[in-house]
């Protein structure tokens, strides 16, 4: 059985081969990427211990991102459902409307330290691209965003924001024209331009260094939450469940990080896809096999020939055939549990939460709210559920109007 080493940060739980639990992650990369990745890993190893860099990071987190984000009790939802007390960490109140701003800001700071003038990134829901374009503008970096053509159509508000920030959007027409293809094209571009360009991977996927930087950045969420929970309850509640949506897995890694050595229960909710469809984006929930995707070993949706399989989800940010090696590790170590919610479940959860409370979650965290809504009535009032509301629904307004006939914000 895979074991988690207590007192060791989640991003450092790997072995000398950068494998988590001996089989997830690693650096399965072409020889042309070895030097730039080694250089980046060496630089980040120094920066994360550098007091001046940490002070600079904290400065921009506070003055630019706007931390800490709110921690609120959802009184109306709690009373409506009965059972457990339901809270939300409203990360969508961060500058730009989602958790992706943490990773984007740190990557831009690293790019400046590396002397790079250009930065590239991938995006699915558009939030990673929007945030990177914002941060690039802030730090005077020229920015290029790779985005699947399908996602460009369904995430129009974020596409417009990316362009407004002066970044170039590169449409990706290969494969499923979604996030998986955007990541692939972004990596191909970086191989040829790594001397002048820094790459920001938008989630905790890819070669090990990108997993580390992303999870290091989003850990800010749980650093704040741990303090907020202690202020609210005076201790970590005996029955505490932290529920987060999981696609690439960046928000969940950040949400759970500081609670790793506590008794808090982690529940990750994948995208189950349309009801009664065989297509989904939930490799952990559906018993997918281990494969290599974007330079890392992970559970990944595959066809009978072992090729990357098709996915489907109403949520562009969760529509990815793989899953972070960190979550594969947490699942096999039995530290986190994973389930899935259908498109219809997410829409129902969005409608209920946005009508009852003064928050309007995007379709990604709506998957997590769906799980909270499902289990809360079965629990005792002494039990506590906290959902990471990691994105604002503005980007999904067209989809929501089409599916529900109205949009609440």
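If you go through segment 266-280 and pick out every residue that is in contact (Cβ under 8 Å) with a residue 12 or more places away in the chain and either on the phi > 0 side of the Ramachandran plot or not in a strand (DSSP E or B) (or both), you end up with 6.
Is it fair to say residue 381 is modelled with pLDDT of 95 or more, assigned by TED's automatic domain parsing to the domain that holds residue 245 and farther than 20 Å from residue 127 by Cβ? Taking the combined requirement at face value, the residue satisfies it.
Looking only at residues of segment 13-34 that are assigned to a helix (DSSP H, G or I) and without any contact (Cβ under 8 Å) to a residue 60 or more places away in the chain, we find that the one that is surrounded by the fewest Cβ atoms within 10 Å (Cβ to Cβ) is 31.
For (1) in contact with a strand residue (DSSP E or B) (Cβ under 9 Å, 6 or more places away or on another chain); (2) buried (at least 18 other Cβ atoms within 10 Å of the Cβ); (3) outside the structural domain of residue 368 (by TED's automatic domain parsing); (4) part of a loop (DSSP other than H, G, I, E, B), each residue gets a yes or a no:
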| position | (1), (2), (3), (4) |
| --- | --- |
| 2 | yes, no, yes, yes |
| 8 | no, no, yes, yes |
| 38 | no, no, yes, no |
| 76 | no, no, no, no |
| 80 | no, no, no, no |
| 88 | yes, yes, no, no |
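Checking the structure you have, find out if any residue of segment 303-310 is in a loop (DSSP other than H, G, I, E, B), touching a residue at least 40 places away in the same chain (Cβ under 8 Å) and within 17 Å of residue 334 (Cβ to Cβ). No, segment 303-310 contains no residue that is in a loop (DSSP other than H, G, I, E, B), touching a residue at least 40 places away in the same chain (Cβ under 8 Å) and within 17 Å of residue 334 (Cβ to Cβ).
Taking residues in segment 106-123 that are touching a residue at least 24 places away in the same chain (Cβ under 8 Å), and partners anywhere that are surrounded by fewer than 24 Cβ atoms within 10 Å (Cβ to Cβ) and in a strand (DSSP E or B), the pairs with Cβ atoms closer than 7 Å and at least 6 places apart or on different chains are 116/197; 117/142; 118/142; 118/197; 119/197; 120/144; 120/197.
Of the residues in segment 382-394, at least one is under 29 Å from residue 175 (Cβ atoms) and over 16 Å from the mean Cα position of the chain (by Cα). Looking across 62, 46, one residue alone is more than 22 Å from residue 243 (Cα to Cα), assigned to a helix (DSSP H, G or I), at pLDDT 95 or above and touching a helix residue (DSSP H, G or I) at 6+ places or on another chain (Cβ under 9 Å). It is 46. Against the list (1) crowded, with 24+ Cβ neighbours inside 10 Å; (2) modelled with pLDDT of 95 or more; (3) under 19 Å from residue 324 (Cβ atoms), the condition residue 208 fails is (1). Of the strands (runs of 3 or more DSSP E) lying entirely inside segment 97-205, those carrying at least 2 residues that are surrounded by fewer than 18 Cβ atoms within 10 Å (Cβ to Cβ) are 168-172.
Residue under question is residue 109, and the condition is that it be out of contact with any strand residue (DSSP E or B) (no Cβ under 6 Å at 6 or more places or on another chain) and either farther than 22 Å from residue 206 by Cα or at pLDDT 95 or above (or both); does it hold? For residue 109, the condition - out of contact with any strand residue (DSSP E or B) (no Cβ under 6 Å at 6 or more places or on another chain) and either farther than 22 Å from residue 206 by Cα or at pLDDT 95 or above (or both) - is met.
Out of the residues in segment 46-74 that are in contact with a strand residue (DSSP E or B) (Cβ under 9 Å, 6 or more places away or on another chain) and over 19 Å from residue 253 (Cα atoms), which is surrounded by the most Cβ atoms within 10 Å (Cβ to Cβ)? Out of the qualifying residues, it is 74. The conditions of being modelled with pLDDT of 95 or more and outside the structural domain of residue 189 (by TED's automatic domain parsing) are met by residue 71.
The set of residues in segment 281-298 being touching a strand residue (DSSP E or B) at 6+ places or on another chain (Cβ under 7 Å) and touching a residue at least 40 places away in the same chain (Cβ under 8 Å) consists of 281, 282, 283, 284, 285, 290, 293, 296, 297, 298.
Here is a yes/no grid of residues against (1) within 23 Å of the chain's Cα centre (by Cα); (2) within 15 Å of residue 212 (Cβ to Cβ):
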residue	(1), (2)
2	no, no
10	yes, yes
17	no, yes
64	yes, no
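Of the candidates 258, 232, 224, the single residue that is more than 27 Å from residue 8 (Cβ to Cβ), in contact (Cβ under 8 Å) with a residue 12 or more places away in the chain and either in contact with a helix residue (DSSP H, G or I) (Cβ under 9 Å, 6 or more places away or on another chain) or surrounded by fewer than 24 Cβ atoms within 10 Å (Cβ to Cβ) (or both) is 232.
Taking the criterion of being crowded, with 16+ Cβ neighbours inside 10 Å and outside any helix (DSSP H, G or I), the only residue of segment 393-407 that qualifies is 407. One residue alone among 199, 187, 147 is closer than 23 Å to residue 29 by Cα and free of Cβ contacts under 8 Å to residues at least 40 places away in the same chain, and that residue is 147. Of the candidates 175, 249, the single residue that is at positive phi, out of contact with any strand residue (DSSP E or B) (no Cβ under 6 Å at 6 or more places or on another chain) and at pLDDT 95 or above is 249.
Among the residues of segment 181-193, are any within 16 Å of the chain's Cα centre (by Cα) and at pLDDT below 95? Within segment 181-193, one or more residues are within 16 Å of the chain's Cα centre (by Cα) and at pLDDT below 95.
The values are calculated or read from the model by the stated rules, or taken from the named source; none is laboratory data. Values in this document were obtained by computation on a predicted structure and should not be read as measured data. Counting neighbours? That spans all protein chains shown, and the Cβs are built from the backbone with ideal geometry, glycine included.
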